[in-house]
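Written out below as structure tokens is the structure these notes cover.
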Amino acid sequence: MSRKAIVSEVSAADPTSPQSIVRFEGVSMRYGRDPEVLTDISFELPQGAFYFLTGPSGSGKSTLLKLIYLAERASRGRIEIFGQDLALLRRKDRPFMRRRIGVVFQEFRLLDHLSCFDNAALAPRIAGRKPAAYRADVADLLAWVGLGDRMHAMPPALSGGEKQRLAIARAVINRPDLLLADEPTGNVDEAMGLRILRLLLELNRVGATVLIATHDKDLVVRSGKPVLHLEAGRLSPYPGQAPDLDE
Amino acid sequence: MNGAFDPKRWWPAPLLPLGDARDLTLLFVVAALSFLAGLAAIAALASERAAVGWRSELAGSATIIVRAQGAETPDAAALRAVVAVSGLRGVGEVRALEKAKADQLLAPWIGADALPSDLPVPRLVTVELDPKTPATGADLDRALSAAGVDATVDDHSRWSAEIMRAGVIERNVALGLFALLLAILGAVISFATRQGLAARREIVDALHLSGATDGFIARLFQARFARSAAQAGLAGALLAAAMAAALKLTGAGQGLTALLPIAWRDLAAPAPFPVLGALIAAVVARTTATAALKEVP
Ligand SMILES: Nc1ncnc2c1ncn2[C@@H]1O[C@H](COP(=O)(O)OP(=O)(O)O)[C@@H](O)[C@H]1O
Ligand SMILES: [Mg+2]
């Protein structure tokens, strides 16, 4: 099968079909010969869902996200993203799946030698679009996340909250079908945390499926969104949900 | 503070950070390789020209060594030789060297004082040959023996062949040297590409995670190293040309230029090396990066 065929098959999974965007079936994961970090994980994120992934530090939240954005491989079990079995995804097809996934990394992973603008413009540039076709979008998005007057700044000159918002801008510039955020409020104060939460809810409202790893219980309670809870590498249903914040 | 930044005029910045000390080392090595290749090319052209010059001079003339027989004086014998070969097909001017001139030629070997004046020194007769249809040594031989002159003909063909052989050897040495320099360039670029990939691993990972294909990343390294090789190669080539020009100017009269008659147009000989270097750097960086990226998870 050609690459085009796979990509179009992947694309066919959305945007309106009720098919799940992420599907884990009995997934386990270990780093090298270490003991399992994740054990027998099964869950499903339907199209348009907004979920939190909670659990204490070291419970495996980041690892679970890495499995979804193809930075690590499961040791056992089956993972489907956009209906595509990752075990069958060939290396040369990975970039095209990654372009549909926006990731806000826990450690940001901004490119320090590039300006905010260049960082935020990375995804459309990599996708091969012409600068004239997306630079207005980048400027709008940076203004939207409150970095309108920092577009030319280099990341080392940014505050923690600014880096966080730049990382979010970079993750969403190409309007990903799936948005993963790893502790997106970990480096900011409460007010900024709420602002970021609203931003993520807004992205979800316009169509993105969202999964946010956090150990910030307050954030979860305020949002009233459902939770996947990890405890020592195992998934457990979280007791209770808070009332909706945004209504 | 930000008044200068206009998103409408924004253009993507290089994804690989520009220049550090590592790059300087690479630039130096590539410039040195290009310099050596350029000098070798100029030297090859110049010595080729010297060889052609010598050969045409040698081929355009022959020397007859005449020995006097019996009571005949050397001068008379030389005169008979001149008469014998003059007017042959393919023979131009024929001249007997005077005794003084012949002694002069022998002096370096025997010493001017050591030559007894009555020694029957052989006389030399120089024969200019028609460059288009030169008479052969055998033609001259036949004419001389028909006239009964005791003489040996040296048509310089042995030297001519020797020079030709030297020229072939020299050309092969030059080609081998170019091949070696290009191989070194390839190895250096391959090494630098692997180094660069390792040193830029964070960037490579960030690009991968943003959906960059291996080809996209490999092209970044390809462009970077091709450009570096072109720039450093150009510097080395210019330096080689400048050095050759200096050689030509300072050694203008005699000495070096006799061995290496550098012509002004020879200074263009290093020109292909920056282009060739850039091409090789591009191909090597691309293939090295593509292979190395396959190992990145
Ligand atoms: N690259 C790695 N190599 C080895 N062990 C790792 C690696 N990354 C994480 N771990 C281990 O896996 C476990 C889960 O880590 P992580 O997924 O980062 O948890 P969380 O994000 O919930 O804090 C921890 O014990 C951590 O030490
Ligand atoms: Mg984590």
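The values are calculated or read from the model by the stated rules, or taken from the named source; none is laboratory data. It should be emphasised that the depicted structure is a prediction, and the values quoted were computed from it without experimental measurement. No Cβ is skipped: glycine too gets one built from the backbone with ideal geometry, and neighbour counts run over all protein chains shown. Each accessible area value is taken on the protein alone, full model and side chains, heavy atoms only, with ligands, DNA and RNA left out. Shrake-Rupley method; radii C 1.70, N 1.55, O 1.52, S 1.80 Å.
Return yes or no: is B:Thr213 in the same structural domain as B:Leu267 (by TED's automatic domain parsing) and at pLDDT below 95?
No; evaluated as a whole, the condition is false for this residue.
Looking only at the stretch B:146-162, decide whether some residue is in contact with a strand residue (DSSP E or B) (Cβ under 7 Å, 6 or more places away or on another chain), more than 14 Å from chain A (Cβ to nearest Cβ) and exposed (fewer than 15 other Cβ atoms within 10 Å of the Cβ).
Yes, the stretch B:146-162 contains a residue that is in contact with a strand residue (DSSP E or B) (Cβ under 7 Å, 6 or more places away or on another chain), more than 14 Å from chain A (Cβ to nearest Cβ) and exposed (fewer than 15 other Cβ atoms within 10 Å of the Cβ).
What tally of residues in the stretch B:215-231 results from selecting those that are surrounded by fewer than 21 Cβ atoms within 10 Å (Cβ to Cβ) and closer than 14 Å to A:Arg91 by Cβ?
2
Report, by residue number, each residue of the stretch A:182-219 that is more than 14 Å from chain B (Cβ to nearest Cβ), within 16 Å of ligand 1 (Cβ to nearest atom) and under 14 Å from the mean Cα position of the chain (by Cα).
Those that are more than 14 Å from chain B (Cβ to nearest Cβ), within 16 Å of ligand 1 (Cβ to nearest atom) and under 14 Å from the mean Cα position of the chain (by Cα): A:Glu183, A:Pro184, A:Thr185, A:Leu211, A:Ile212, A:Ala213, A:Thr214.
Mind listing whichever residues of the stretch A:100-153 are in contact with a Pro (Cβ under 7 Å, 6 or more places away or on another chain) and closer than 21 Å to A:Leu201 by Cβ?
Within the stretch A:100-153, A:Arg100, A:Ile101, A:Gly102, A:Val104 qualify.
Kindly list the number of the only condition in (1) within 18 Å of A:Leu141 (Cβ to Cβ); (2) away from every other protein chain (no Cβ under 11 Å) that fails for A:Leu64.
(1)
Please go through (1) facing chain B (nearest Cβ under 8 Å); (2) open to solvent by 10 Å² or more (accessible area, probe 1.4 Å) for A:Gly77 and return the number of the only condition it doesn't satisfy.
(1)
Let's see how each residue does on (1) without any contact (Cβ under 8 Å) to a residue 40 or more places away in the chain; (2) at the interface with another protein chain (Cβ under 9 Å from one of its Cβ atoms); (3) under 17 Å from B:Asp6 (Cα atoms):
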{"position": "A:His113", "(1), (2), (3)": "no, yes, no"}
{"position": "A:Ala121", "(1), (2), (3)": "no, yes, yes"}
{"position": "A:Pro131", "(1), (2), (3)": "yes, yes, yes"}
{"position": "A:Val138", "(1), (2), (3)": "yes, yes, yes"}
{"position": "A:Leu141", "(1), (2), (3)": "yes, no, yes"}
{"position": "A:Val145", "(1), (2), (3)": "no, no, no"}
{"position": "A:Ala157", "(1), (2), (3)": "yes, no, no"}
{"position": "A:Gly160", "(1), (2), (3)": "yes, no, no"}
{"position": "A:Leu166", "(1), (2), (3)": "no, no, no"}
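Quick one: in the stretch A:80-99, which of the residues that are within 21 Å of A:Asn204 (Cα to Cα) and within 13 Å of chain B (Cβ to nearest Cβ) is most open to solvent (accessible area, probe 1.4 Å)?
Ranking the qualifying residues of the stretch A:80-99, first place goes to A:Arg99.
If I ask for residues that are among the charged types (D, E, K, R) and under 26 Å from A:Arg222 (Cβ atoms), which ones from the stretch A:28-63 would you list?
A:Glu44, A:Lys61
Identify, by number, the condition in (1) under 21 Å from A:Gly55 (Cα atoms); (2) within 16 Å of ligand 2 (Cβ to nearest atom) that A:Ala167 doesn't meet.
(1)
Quick one: in the stretch A:100-109, of everything that is open to solvent by 20 Å² or more (accessible area, probe 1.4 Å) and touching a residue at least 40 places away in the same chain (Cβ under 8 Å), which residue is nearest to ligand 2 (Cβ to nearest atom)?
A:Gln106
Filter the stretch B:209-240 for residues that are within 13 Å of chain A (Cβ to nearest Cβ) and in a helix (DSSP H, G or I); which is farthest from B:Gln195 (Cα to Cα)?
The selected residue is B:Leu209.
From the list B:Asp23, B:Asp6, which residue is modelled with pLDDT under 85 and within 14 Å of chain A (Cβ to nearest Cβ)?
B:Asp23
Looking at the stretch A:124-163 only, could you name the residues that are open to solvent by less than 30 Å² (accessible area, probe 1.4 Å) and within 23 Å of B:Gly211 (Cβ to Cβ)?
A:Pro124, A:Ile126, A:Pro131, A:Tyr134, A:Val138, A:Ala139, A:Leu141, A:Leu142, A:Val145, A:Leu147, A:Met151, A:Pro155 - these are the residues of the stretch A:124-163 that are open to solvent by less than 30 Å² (accessible area, probe 1.4 Å) and within 23 Å of B:Gly211 (Cβ to Cβ).
Taking the stretch A:164-217, which residues are farther than 20 Å from A:Asn119 by Cβ, buried (at least 17 other Cβ atoms within 10 Å of the Cβ) and of a type in the set (Asp, Glu)?
Hits for the stretch A:164-217 are A:Asp177, A:Asp216.
Could you tell me which residue of the stretch B:253-297 is modelled with the highest pLDDT, considering only residues that are assigned to a loop (DSSP other than H, G, I, E, B) and more than 18 Å from the chain's Cα centre (by Cα)?
Ranking the qualifying residues of the stretch B:253-297, first place goes to B:Glu295.
Search the stretch A:35-62 for residues that are within 18 Å of A:Arg100 (Cα to Cα) and pair each with any residue that is more than 10 Å from ligand 2 (Cβ to nearest atom) and among the basic types (Lys, Arg) when their beta-carbon atoms are under 6 Å apart and the residues are at least 6 apart or on different chains.
Qualifying pairs under 6 Å: A:Glu44/A:Arg23; A:Phe50/A:Lys225.
So, B:Trp54, is that one open to solvent by 70 Å² or more (accessible area, probe 1.4 Å) and modelled with pLDDT of 85 or more or not?
Criteria not met by B:Trp54.
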